[in-house]
Structures are given as structure tokens and as C-alpha cells.
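K.L.:
Quick one: structure below, then a few questions.
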Amino acid sequence: MPTETDIVNRIKAPGRYNVTVASEAEARRLLQLAMPDAVELPPAVLGQPYPQPPPGCKKWYQVHPPEPSVGHNRPHFKYEDWSRGKKGTGGSWGHVEF
């Protein structure tokens, strides 16, 4: 089981990272520690278009419902940090399930 420090460091690090934690509150807290300047988008609602980050926003996270069709059987936060580049060039992205 990764420690809080491990999780925060992996969220900050370039590349994809997925982890499961005990609760929505814990997931939000860890994301806020890792990305204190990120924007929390309105929650996504299954069957409706998911709210998108505002133009120019490079760091964000959003709570999503379970999405079994794409491998997420639990509710989760999706996060992206493109402030240091996109996928493969310094960006960080992933999911924190709860």
C-alpha cells in the first residue's frame, strides 16, 4: 500500500498514475496536496457531456462516476497536469479511485 507521500509524489511525476484510496475526501485531499493550483471542475454526470476545463487551463481534476466500459469500476477523480508538457513530454495524468 503506497504512503500519502508516495501517492502525492507519483501524481506530481511525469506519466500516468492510477491509485485507489479509501474515500472521496481522501482522494480530493491528495490531489490538492499534489496540485494546489489545479482547478476542480464540476462533477461529471454519466449520460451527459462532461464539463471541460476552461480554455488555457493546464492543471485540473474532476470527480467521475464509475465507468466500467473503460476499466473504472469505482467512482474516481480524473486528473491532468499539462503545465510541464503533454503525454510523453513531461505531463502527468491518471485517476484516483475511491
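K.L.:
Looking at (1) in a loop (DSSP other than H, G, I, E, B); (2) within 22 Å of GLU4 (Cα to Cα); (3) open to solvent by less than 70 Å² (accessible area, probe 1.4 Å); (4) among the small types (Gly, Ala, Ser), find the lone condition where ALA27 falls short.
P.N.:
With respect to (1) in a loop (DSSP other than H, G, I, E, B); (2) within 22 Å of GLU4 (Cα to Cα); (3) open to solvent by less than 70 Å² (accessible area, probe 1.4 Å); (4) among the small types (Gly, Ala, Ser), ALA27 is out only on (1).
K.L.:
Test HIS76 against the criterion of being modelled with pLDDT under 95 and surrounded by 14 or more Cβ atoms within 10 Å (Cβ to Cβ), and give yes or no. Even if it seems obvious, please write down each step before you answer.
P.N.:
Values: modelled with pLDDT under 95: no; surrounded by 14 or more Cβ atoms within 10 Å (Cβ to Cβ): yes.
Criteria not met by HIS76.
K.L.:
Across segment 37-65, what is the total count of residues that are in a loop (DSSP other than H, G, I, E, B), open to solvent by 50 Å² or more (accessible area, probe 1.4 Å) and free of Cβ contacts under 8 Å to residues at least 24 places away in the same chain?
P.N.:
Initially, segment 37-65 is screened for residues in a loop (DSSP other than H, G, I, E, B), giving 37-38, 41-58, 65.
Narrowing further to those that are open to solvent by 50 Å² or more (accessible area, probe 1.4 Å): 37, 42-43, 45-50, 52, 54-56, 58.
Now narrow it down to the ones that are free of Cβ contacts under 8 Å to residues at least 24 places away in the same chain: 37, 42-43, 45-50, 52, 54-56.
Qualifying residue count, segment 37-65: 13.
K.L.:
Can you name every residue in segment 27-57 that is polar (S, T, N, Q) and closer than 15 Å to HIS95 by Cα?
P.N.:
Going through segment 27-57, the residues polar (S, T, N, Q) turn out to be 32, 48, 52.
The one that is polar (S, T, N, Q) and closer than 15 Å to HIS95 by Cα: GLN32.
K.L.:
Would you please name the residue that is nearest to ARG84 (Cα to Cα), looking only at residues in segment 1-24 that are among the hydrophobic types (A, V, I, L, M, F, W, C) and under 13 Å from the mean Cα position of the chain (by Cα)? Walk me through it before giving the result.
P.N.:
Kept after step one, since they are among the hydrophobic types (A, V, I, L, M, F, W, C), are these residues of segment 1-24: 1, 7-8, 11, 13, 19, 21-22.
Retained after the next criterion (residues that are under 13 Å from the mean Cα position of the chain (by Cα)): 7-8, 11, 13, 19, 21.
Numbers: ILE7: 19, VAL8: 17, ILE11: 13, ALA13: 10, VAL19: 22, VAL21: 26 Å.
Step by step, filter segment 1-24, then rank; the result is ALA13.
K.L.:
Then there is this: I'm trying to understand the selection: among the residues of segment 79-98, which are surrounded by fewer than 17 Cβ atoms within 10 Å (Cβ to Cβ) and outside any strand (DSSP E or B)?
P.N.:
ARG84, LYS86, LYS87, GLY88, THR89, GLY90
The values are calculated or read from the model by the stated rules, or taken from the named source; none is laboratory data. This is a predicted model, so every value here is computed, not measured. Backbone-built Cβ (ideal geometry, glycine too); neighbour counts: all protein chains shown. These area figures cover heavy atoms from the full protein model, side chains too; ligands, DNA and RNA do not enter into them. Shrake-Rupley method; radii C 1.70, N 1.55, O 1.52, S 1.80 Å.
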